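Peer 1: Quick one: the structure is below, questions incoming.
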Amino acid sequence: MKCTRKLRKLLLEPGLLMAPGVADALNARLVSEAGFQVIYMTGSGTTAARLGMPDIGLLSVSEMVDNAGRIADASGLPLISDADTGYGGPLNVYRTTRMFEKAGVAGIHIEDQNWPKRCGHLAGKTIIPAHEMASKIMAACDGRDDDDFVIIARTDALAIEGLNSTLERAEMYAEAGADIIFVESPTSEEELEAIPKRISCPTLFNMAASGKTPFLDKAEIEKYGYKIAIYPNFAMLAAVPAVRHYLSELSENGTVAHLVNEMVSFQEFFNLVGMESVKEMEEKYSVDQKSRADF
């Protein structure tokens with residue numbers, strides 16, 4: 001089954017879809033190994049991983065599509081990807097949609113910020129007129145070859161224009177053809193409740209680490225009526241203390257031998273990234289025994 005069809009099928013099933021966020025193919029394999037059904041490519045994480053910079057609109061569409069394709073391929077899961085503002089006007093969005101679809105992505109979200117955009121939980125955001133965003137959503141819908149490819153409209157208006165204007169925008173985006181609505185950075189119970197109640201199509205909840213949106217568990221998010229929850233950067237945030245610890249120990253002790261029990265083994269690492277599949281393929285294609293990869 002194509003990844004786009006898988007995502008559409010999951011959207012019709014009961015319950016909340018949880019999509020951990022990753023910025024590279026290695027973590028994508030970990031998400032798949034953990035048994036999740038959907039995966040998310042974080043734009044802020046991708047910027048951090050590829051540039052070592054904050055999410056302030058520095059990456060190009062080609063860089064984002066390339067990363068998304070690698071994540072989709074490594075995970076084997078339906079991938080929802082951040083596509084920022086679509087990288088221009090409606091014609092740019094049309095092309096952006098086609099590029100992500102060809103890369104094997106199952107869906108993208110496009111936001112109504114001006115370019116250069118900002119991470120949704122940073123100050124300094126500005127937004128385009130609602131009718132311009134509606135045109136971009138229409139272009140995204142027209143740009144897909146596969147009708148199952150999911151178009152998610154994200155609005156950053158809540159922090160700028162307030163709840164009522166945000167909900168009006170969301171309704172306009174849904175009417176323009178968006179399959180899912182993503183309202184960025186709700187901060188109160190009133191806002192959390194109002195979004196799914198007002199919007200006719202499924203809604204997405206962003207469980208970001210900034211603290212602006214309350215930390216909710218799966219049951220709470222589902223109770224409010226959201227269909228998908230993304231967890232953009234927690235994999236990276238979890239890794240930072242471990243890497244800092246390793247580097248500190250190496251610097252102070254001149255060895256990491258005493259840390260090996262805290263890490264995956266060499267063999268486990270290679271198996272995680274597909275060593276068993278390599279061995280099976282070399283057997284299938286009769287690669288010379290002396291040249292085969294092994295431990």
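Peer 1: First select every other residue whose beta carbon is under 10 angstrom from the beta carbon of MET64; then total the charges, Lys and Arg +1, Asp and Glu -1.
Peer 2: Value of the local net charge: -3.
Peer 1: Given the protein chains as shown and a 1.4 Å probe, how many square angstrom of PHE270 are accessible, to the nearest 10?
Peer 2: 70
Peer 1: Now for a separate question. Taking segment 98-228, how many lysine pairs are there with alpha carbons less than 23 Å apart, if each pair must be eight or more places apart or span two chains?
Peer 2: Within segment 98-228, the lysine pair count is 13.
Peer 1: While we're here: Put +1 on the Cβ of every Lys and Arg and -1 on every Asp and Glu Cβ in the chain; which of GLY177, PRO20, VAL273 then has its Cα farthest towards the positive end of the dipole?
Peer 2: Value computed over the given set: GLY177.
Peer 1: Also, quick follow-up: With +1 on each Lys and Arg Cβ and -1 on each Asp and Glu Cβ, how big is the dipole of the chain about its Cα centre, in debye rounded to the nearest 20?
Peer 2: 340
Peer 1: How big is D, in µm² s⁻¹, for segment 139-244 by Stokes-Einstein at 10 °C and 1.306 mPa s if Rh is the Kirkwood radius over C-alpha pairs?
Peer 2: Reported coefficient: 107 µm²/s.
Peer 1: Could you size up the charge dipole of segment 1-160 around its Cα centre, putting +1 on the beta carbon of Lys and Arg and -1 on that of Asp and Glu, and report it in debye to the nearest 20?
Peer 2: 100
Peer 1: Relative contact order of the chain, please, whole-number percent, based on alpha carbon pairs below 8 angstrom and at least 6 residues apart.
Peer 2: Relative contact order for the chain comes out at 17 percent.
Peer 1: Same structure again: Percent antiparallel among DSSP beta bridges with both residues in the chain, to the nearest 5?
Peer 2: For the chain, the DSSP antiparallel bridge percentage is about 5.
Peer 1: Using the charge dipole of the chain (Lys, Arg: +1 at Cβ; Asp, Glu: -1 at Cβ; taken about the Cα centre), state which of HIS258, MET236, TRP115 has its Cα farthest towards the positive end.
Peer 2: Of HIS258, MET236, TRP115, it is TRP115.
Peer 1: Once you sort the root eigenvalues of the Cα gyration tensor of segment 212-291 as a ≥ b ≥ c, which label holds: rounded (a/c under 1.5), prolate (a/b larger than b/c) or oblate (the other case)?
Peer 2: Oblate, since a/c reaches 1.5 and b/c is not below a/b.
Peer 1: Now for a different question. Straight-line reach from LYS290: which lysines fall under 24 Å, measuring Cα to Cα and dropping same-chain residues less than 8 apart?
Peer 2: LYS279
Peer 1: Using only Cα atoms, locate the centre of segment 61-98 and the centre of segment 199-248, then give the distance between them in Å, rounded to an integer.
Peer 2: When both Cα centres are located, 21 Å separates them.
Peer 1: Take the Cα gyration tensor of the chain, multiply each eigenvalue by 5, square-root it, and list the three semi-axes largest first, rounded to whole angstrom.
Peer 2: 35, 23, 18
Peer 1: About the Cα centre of segment 145-295, what is the dipole size in debye to 20, counting +1 per Lys and Arg Cβ and -1 per Asp and Glu Cβ, all else neutral?
Peer 2: 340
Peer 1: Another one. I need the trypsin sites (Lys or Arg not before Pro) found in segment 207-291, filtered to DSSP loop residues with at most 16 other beta carbons within 10 Å of theirs.
Peer 2: LYS212
Peer 1: Out of every Cα-Cα pair in segment 1-104, what percent are more than 16 Å apart?
Peer 2: Cα-Cα pairs in segment 1-104 separated by more than 16 Å: 57 percent.
The values are calculated or read from the model by the stated rules, or taken from the named source; none is laboratory data. This one's a predicted model, so the numbers in the text were calculated from it and none came from an experiment. Ideal geometry is used to build each Cβ from the backbone, glycine not excepted, and the neighbour counts take in all protein chains shown. Note: areas computed on protein heavy atoms with side chains; ligands, DNA, RNA excluded. Shrake-Rupley method; radii C 1.70, N 1.55, O 1.52, S 1.80 Å.
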